[in-house]
Amino acid sequence: MDASQSHSRSDEPDFEYSRWLSSAPPGEEVVISGMSGRLPDCRNIHEFRDNLFSKTDMVNDDDRRWKLDHPEVPQSSAKIRDINHLDAGYFGVHHRQANIMDPMMRVLLETAVEAIIDAGMNPSEVEGSRTGVFVGSCWSDMENSILMGVTEPQKFGLTGYLRSLNAQRVSYFLKLKGPACIVDAACSSSLNALDLAFKAIRSGQCDNAIVSGSNLLLHPGNTLQFFRYYWEY
């Protein structure tokens, strides 16, 4: 029901809408103060905005992720840039670990710092603060294809690939004192992470929160499964 229909029915606000849209009591507001992101062929959310306004197609059929040699793997996909880049020195990551770190963890570290800067703060200012980190993530091709391989020779596999450590890595680097957790709720992982962060702030578990969602398809297997699922149903 659109707004005009709702108002024509009654001057009183609909309870189901008003209870979600009403303003929080004074002193109970939770403000989103900084944002950052990596999106298809966009280095930041400003490029993403500009591409949307200019109606730029951010889906392409290049083979930078995998060879397009399987008849069922979709030829077109949306991919973010520079997932293998990381300033290991700045983030205090050993070069051997940086080389095998899950790209999702690299992107999370970078965007967390960028979001803090976008909020008008220096990352060093949040050190020791009661800031939580809540990350929505439901899949890791690196974790599933490499860590579980019996021939994996690297010694940094656990700390480089495990999704469960993504939030802790951000918290550790920024020296935060709040809760840190990964939320896996399939397609709604990020939304649930945001909900948990909101409740943690309102309940006093933390004063601030970094909320993130991360998903990278690095192997065609998962894409192929989604494609087959679509045509099956």
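Each value in this text was obtained by applying a stated rule to the coordinates, not by laboratory testing. Values in this document were obtained by computation on a predicted structure and should not be read as measured data. Cβ placement follows ideal geometry from the backbone for every residue including glycine, while neighbour counts extend to all protein chains displayed.
Kindly indicate the residue of segment 206-228 that is in a strand (DSSP E or B) and of a type outside the set (S, T, N, Q) and also nearest to Met142 (Cα to Cα) among those meeting that condition.
Gly213
Six or more apart or on different chains, Cβ atoms under 6 Å: show the pairs whose first residue is in segment 214-230 and surrounded by 14 or more Cβ atoms within 10 Å (Cβ to Cβ) and whose second is aromatic (Phe, Trp, Tyr).
Pro220/Trp66
Under 7 Å between Cβ atoms, at least 6 apart or on separate chains: pull out the pairs that start in segment 42-67 with a residue that is within 26 Å of His219 (Cβ to Cβ) and free of Cβ contacts under 8 Å to residues at least 40 places away in the same chain and end on any residue that is of a type in the set (D, E, K, R) and exposed (fewer than 15 other Cβ atoms within 10 Å of the Cβ).
Arg43/Arg81
All but one of (1) surrounded by 12 or more Cβ atoms within 10 Å (Cβ to Cβ); (2) among the polar types (S, T, N, Q); (3) within 23 Å of Arg106 (Cα to Cα) hold for Thr56, so report the exception by its number.
Here Thr56 meets the rest and fails (3).
If you take the residues in segment 88-131 that are acidic (Asp, Glu) and within 18 Å of the chain's Cα centre (by Cα), which one is surrounded by the most Cβ atoms within 10 Å (Cβ to Cβ)?
Asp102
Look through Glu110, Glu127 and report the one residue that is touching a helix residue (DSSP H, G or I) at 6+ places or on another chain (Cβ under 8 Å) and closer than 20 Å to Met35 by Cα. Walk me through how you get there before you give the answer.
Working: Glu110 fails: touching a helix residue (DSSP H, G or I) at 6+ places or on another chain (Cβ under 8 Å).
After ruling out the rest, the residue left standing is Glu127.
For segment 189-205, how many residues are without any contact (Cβ under 8 Å) to a residue 40 or more places away in the chain, part of a helix (DSSP H, G or I) and not acidic (Asp, Glu)?
2
Determine if segment 29-38 includes at least one residue that is farther than 30 Å from Ile201 by Cβ and surrounded by fewer than 17 Cβ atoms within 10 Å (Cβ to Cβ).
Within segment 29-38 (the criterion being farther than 30 Å from Ile201 by Cβ and surrounded by fewer than 17 Cβ atoms within 10 Å (Cβ to Cβ)), the answer is no, since none of the residues qualifies.
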